[in-house]
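Note sheet for the following structure.
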Amino acid sequence: EKIQTQLKMSEVLTTNMDRDALNNDGFRLSVISSTVVLLEQFSAVYDNYPSYQEIFSPIKCQCGKLPVSNYPESLQKQIQRLVNNITDGMETKRKPLLMQKKKPPPLKMFEPKIEEVFDDRKKRKGGSKEINEKQKLVHKYKKEMKGAIREIRKDSYMIAQVQFQEQKEKDDERKRKGGSKQINEKQKLVHKYKKEMKGSH
């Protein structure tokens, strides 16, 4: 039987192809030959993969089940070549996964370098170093003065709040005591009036 090593799937799956053309030994051998060619190409592609043995071990097992003695000599050699390639690929020793002997060096941590930014937009062109330093000090002084004034205002506001609360509590206490004193005076007057009324009778 004539064997085609490269079958075109477009021709095999076409609806116009005669079914009788597919139902013969020549077509079956052509399918096997094309499959072996593809497997050889895949074997070459995955040759360096660590999982090569797991991928191609079942294929080698299936090749051993083929009735190669009934095949043409050319196809027998083709299948044997595929089996040999798979066997060679499976004999490649794989390195087992091991823990690192030394811990990896830690990443270097860099402390942020903070530099004060001086607004030098007002610096005159061609100014001397002394003038520039003076302007820098003046700028720093003004900045710190603004911060100090801001803090003083915050403290003054808090002190005023505390003083107001204390004064309010004193006023409330004074009102409470004053009200009690007035009630006592009224009670004394009523008692005196009743006593005088009894004496007049």
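Which of the residues that make up the stretch 66-107 are part of a loop (DSSP other than H, G, I, E, B) and within 12 Å of Ile32 (Cβ to Cβ)? Leu66, Pro67, Tyr71, Pro72 - these are the residues of the stretch 66-107 that are part of a loop (DSSP other than H, G, I, E, B) and within 12 Å of Ile32 (Cβ to Cβ). Could we say that Gln53 is within 21 Å of Asp88 (Cα to Cα), in a helix (DSSP H, G or I), modelled with pLDDT under 90 and not hydroxyl-bearing (Ser, Thr, Tyr) here? Considered against the rule, which asks whether it is within 21 Å of Asp88 (Cα to Cα), in a helix (DSSP H, G or I), modelled with pLDDT under 90 and not hydroxyl-bearing (Ser, Thr, Tyr), Gln53 comes out as yes.
The values are calculated or read from the model by the stated rules, or taken from the named source; none is laboratory data. Since this is a predicted model, take the numbers as computed values, not measurements. We place every Cβ from the backbone using ideal geometry, glycine too, and count neighbours over all the protein chains shown.
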